[in-house]
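Colleague: Just passing along the structure, written as structure tokens.
The values are calculated or read from the model by the stated rules, or taken from the named source; none is laboratory data. Given the structure is predicted, the values throughout are model-derived calculations rather than measurements. Here the Cβ positions follow ideal geometry from the backbone for every residue, glycine too, while neighbour counts run over all protein chains shown.
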Amino acid sequence: MTSTPGSFGDSFRAITMNVHAYRKGLEFGYSEIRFDKYGWFDRPVFLDQEELTFGDTSRYGNYSSIKLGRGANGIWTYAISYSYGVAGGGYGLSVYGKQFKNRREAFSFALNELRVIMTKKIGSTDSINDKQPVILTTLRDIEKAQVGMIQLSLF
């Protein structure tokens, strides 16, 4: 059974999770109450979405990315996808993400997080999953982006 607007679900679990999702959406300026065909709160779409890639995008898709998005009220957040060559991970853009006043703060924080993630794999002995050239290329691209941000702030 799917939920109807105002009901938020047909079980305690569904109601609790849908109310939580709605409240998190409010933090980004989304107030519409809408459910998907399974009765779960519909994910809001972030504005001004932008995806930036790091690492070797020309070879086998071994790159990492940061996606930035702005909520309806101007609050920004980000998503990260990372690749060590074979292994990797990440998470999507959502109302559960960290909140920032502007794009620059969100991007800076995301770059630092991605740098920490990649740095942990430097020197890994798992040569199957953790490809050192991929990791080092990604770290170089992150450093270039951080230097670029500093240079832009000088003007």
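Colleague: Condition first: surrounded by 14 or more Cβ atoms within 10 Å (Cβ to Cβ) and closer than 20 Å to D10 by Cβ. Now tell me which residues in the range 26-42 satisfy that.
Modeller: I33, F35, G39, W40, F41, D42
Colleague: Only residues that are among the aromatic types (F, W, Y) and out of contact with any strand residue (DSSP E or B) (no Cβ under 6 Å at 6 or more places or on another chain): list them for the range 92-106, please.
Modeller: From the range 92-106, those among the aromatic types (F, W, Y) are 96, 100; that's our starting set.
Listed by number, the list holds a single entry, Y96.
Colleague: Hey, any hits in the range 77-90 for a residue that's part of a strand (DSSP E or B) and exposed (fewer than 12 other Cβ atoms within 10 Å of the Cβ)?
Modeller: The initial filter retains those residues of the range 77-90 that are part of a strand (DSSP E or B), namely 77-83, 85, 88-90.
The next check asks that each one be exposed (fewer than 12 other Cβ atoms within 10 Å of the Cβ); those that pass are 89.
Looking for residues that are part of a strand (DSSP E or B) and exposed (fewer than 12 other Cβ atoms within 10 Å of the Cβ), one finds at least one in the range 77-90, hence yes.
Colleague: Specify which of the listed residues (K67, K120, K101) is in contact (Cβ under 8 Å) with a residue 12 or more places away in the chain, loosely packed, with under 13 Cβ neighbours inside 10 Å and either assigned by TED's automatic domain parsing to the domain that holds L139 or under 16 Å from the mean Cα position of the chain (by Cα) (or both).
Modeller: K101
Condition check ((1) without any contact (Cβ under 8 Å) to a residue 24 or more places away in the chain; (2) out of contact with any Cys (no Cβ under 9 Å at 6 or more places or on another chain); (3) of a type in the set (A, V, I, L, M); (4) not in a helix (DSSP H, G or I)) across all residues:
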| position | (1), (2), (3), (4) |
| --- | --- |
| L111 | no, yes, yes, no |
| R115 | no, yes, no, no |
| P133 | no, yes, no, no |
| L136 | yes, yes, yes, no |
| K144 | yes, yes, no, no |
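Colleague: Would you check if L93 is surrounded by 16 or more Cβ atoms within 10 Å (Cβ to Cβ), assigned to a loop (DSSP other than H, G, I, E, B) and touching a residue at least 24 places away in the same chain (Cβ under 8 Å)?
Modeller: Yes: the conditions hold for L93.
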